[in-house]
Amino acid sequence: AQSVTQLGSHVSVSEGALVLLRCNYSSSVPPYLFWYVQYPNQGLQLLLKYTSAATLVKGINGFEAEFKKSETSFHLTKPSAHMSDAAEYFCAVSSFNTNAGKSTFGDGTTLTVKP
Amino acid sequence: DGGITQSPKYLFRKEGQNVTLSCEQNLNHDAMYWYRQDPGQGLRLIYYSQIVNDFQKGDIAEGYSVSREKKESFPLTVTSAQKNPTAFYLCASSTTGTGYGYTFGSGTRLTVV
């Protein structure tokens, strides 16, 4: 079985501040992990993914995430928030040869950026 | 450019009516998925297909039906048996196997009137 928990359904930061969105996963086998971003009334866009290579993964728009096996976490960070980062963010997990390779998504975290 | 096209963007359904949402991809992906999104509930899987002429139920398949007659197309029908169909529907596709992530369409917002 696999699952994802995103801690905090809403996160608010000031422009220029650090962005930290938390994701913890559960998987019985080594996982693949993803972060997606969704702007209002649009589909999801892949930000970055972890596939057992480097544990620190860099993605688009200055975001990065670190895979920590001991903590079963894959938190998303960005050093300096921009107004355009305001969106909903989803963490997802999939596992090779289990669950037909389908991804399981978290409930999402809405990021608000204050001027 | 390759991608997924969902149509229409907005759809209105009368009580007791069936409606079909279109999803077409030109990415040569084998796997396709339909998700339903409601506020505060994340994405819930309705149906998925990993190969032409085969598909499986997801977590909330009741009141929905799909077909996969072509690799490029995976239409979703919302039937009158779905009692609460108002939602945002997302189609996605991926390369077979894990680790690749999904490509999503831009969604269809269905409203019951």
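The values are calculated or read from the model by the stated rules, or taken from the named source; none is laboratory data. Since this is a predicted model, take the numbers as computed values, not measurements. Cβ coordinates were reconstructed from backbone atoms using ideal geometry, including for glycine residues, and neighbour counts include every protein chain displayed. Remember, those area values only see protein heavy atoms, side chains included, never the ligands or the DNA or RNA. Shrake-Rupley method; radii C 1.70, N 1.55, O 1.52, S 1.80 Å.
Assorted remarks:
- Modelled this way, with points 7 Å down the Cα-to-C-beta line, the labels at B:THR86 and B:GLN17 are 1.5 nm from one another.
- Length gained on full extension, A:GLU15 to A:SER70, computed as 0.36 nm times the residue gap minus the Cα-Cα distance: 16.6 nm.
- Shape analysis of segment B:4-50 places it in the oblate category; the axes a ≥ b ≥ c from the Cα gyration tensor give an a/c of at least 1.5, with a/b not above b/c.
- With the whole protein complex present, A:HIS10 retains an accessible surface near 140 Å², based on a 1.4 Å probe.
- Cα gyration tensor shape for segment A:39-91, rounded if a/c is under 1.5, else prolate or oblate: prolate
- Label-point gap, in nm, between B:ASP54 and B:LYS70 - each point 7 angstrom along Cα→Cβ: 2.2 nm
- Computed lengthening from A:LYS114 to A:MET83, 0.36 nm per intervening residue step minus Cα-Cα distance: 10.4 nm
- At 1.002 mPa s and 20 °C, Stokes D of chain B from Kirkwood alpha-carbon radius, µm² per second: 153 µm²/s
- Look at the stretch B:37-48: the mean tally of other chain Cβ atoms within 10 Å of its residues' Cβ atoms is 4.
- Across chain B, the mean sequence separation of Cα contacts (distance under 8 Å, 6 or more residues apart), normalised by length, yields a relative contact order of 35 percent.
- Computed on chain A, with alpha-carbon pairs under 8 angstrom and 6+ residues apart, the relative contact order is 38 percent.
- 10 Å binning of all Cα-Cα separations within the protein assembly as shown, expressed as whole percents from 0 upward: 8, 33, 35, 20, 5, 0
- Column: log10 I(q)/I(0), Debye, Cα scatterers of chain A, q = 0.15, 0.20 Å⁻¹: -0.60, -1.04
- Highest GNM mean-square fluctuation among B:THR20, B:THR96, B:THR86, for chain B modelled with Cα contacts below 10 Å: B:THR96.
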